[in-house]
Amino acid sequence: MENLENVEKKEITSELHSLTDYLHQLVNWIIEYTPRLISAFILLFIGLWAIRLINRLIKRLMIKRELDPTLSKFLADILLWAMRVLLFITVISRLGIETSSFVAILGAMGLAVGLSLQGSLSNFAGGMLIIMFKPFRVGDTIEAQGVTGTVSEIQIFVTKLTTGNNQTIFVPNGALSNGTITNFSMEGLRRADLTFTVSYDTNIKQVREILLEVLKKNKKVLKKPEPSIVVRDLTDHAINIAVRAWSKTPDYGDMVSEILEEGKEAFEAAGISIQPVVKERSVQ
């Protein structure tokens, strides 16, 4: 019995010594790493404060330089995330973590994400091309990828369009930058190509005089470039009269509507009837 008691006492004593060693190691680790933890937290808070300050200064500088708002936001966001990544690497290196292996892991993760998000990277590159070369700006009316609308926002991956009936369309920047874009707002002026169809019994000179009078009375029609009225087609059923009038881009839609309405009323007052468009039947 005494031998068993001695063995148990030795085991308890050994366990107490092991626990004491672990506690000493823990205390030593805390004493050793506490300054690193404190300095890392201080560096983190100072770094975040400095990043916010630098970001504000850069935005103010871009505003003073009158840079494009979309380009300013894009550059500011990229710089913000670059500074955050740099701060994160600095903080973990302050804690004693090897950054070389960590950077290698980040690189491998970036490669894997890049391969899986090729379409998104294409849209990202397209957004950069649009911002750099400016085929359109916010507020321009464009036609691209089968849709027409006013550009309300150019984001990193997509461009936001608002249609005339107030629908929102998001067009991927990759397809947008590689496709054909018609910008209706870039030049500032637009020409309307309208067609009035009259019968062969109609006096063409009278039609021209009536339409010229309609154009002269319309305040949205510009004097220069001068409008023109010409015979465009002689079909089997009627004569197509082309009306070409210029206006400022914001007035284009109203001008077209007013010319069509006022032209019809002027023809009716003169006893001239507008012929319907007859579609030719295809031979089977």
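The figures follow:
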{"read-out": "Full-extension gain in nm, A82 to Q206, via 0.36 nm per residue minus C-alpha separation", "value": "37.6 nm"}
{"read-out": "Computed FRET value (nearest 0.05) for I274 with Q155, which takes r as the C-beta separation and R₀ as 45 Å", "value": "0.45"}
{"read-out": "Ellipsoid equivalent to segment 189-269 - semi-axes via the Cα gyration tensor, in Å", "value": "22, 13, 11"}
{"read-out": "Over 31 Å between alpha carbons, listed pairs K73/K224; K224/K264; K160/K219; K160/K223; K134/K217", "value": "K73/K224; K160/K219; K160/K223; K134/K217"}
{"read-out": "Residues F88, F45 arranged by fewest to most Cβ contacts within 10 Å", "value": "F45, F88"}
{"read-out": "Gain in span if fully extended, L95 to R232, counting 0.36 nm per residue against the direct Cα distance", "value": "41.3 nm"}
{"read-out": "Estimated distance in nm for a label pair at E187 and R52, the labels positioned 7 Å out from Cα along Cα-to-Cβ", "value": "5.0"}
{"read-out": "Cα→Cβ-extended label distance, 7 Å offset, between F41 and I63, nm", "value": "3.5"}
{"read-out": "Residues whose placed amide H lies under 5 Å from that of V158, excluding near-sequence neighbours", "value": "N173"}
{"read-out": "Which of D233, D201 has the fewest Cβ neighbours within 10 Å, and the rest in rising order", "value": "D201, D233"}
{"read-out": "Residues S152, S177, sorted so that the one with the fewest Cβ neighbours within 10 Å comes first", "value": "S152, S177"}
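Quick note: the coordinates plus some simple rules give every number you see, no bench work behind them. In this text the structure is predicted, and so the values were computed from the model without any measurement. Using ideal geometry, Cβ is built from the backbone for each residue, glycine included, and neighbour counts are taken over all protein chains shown.
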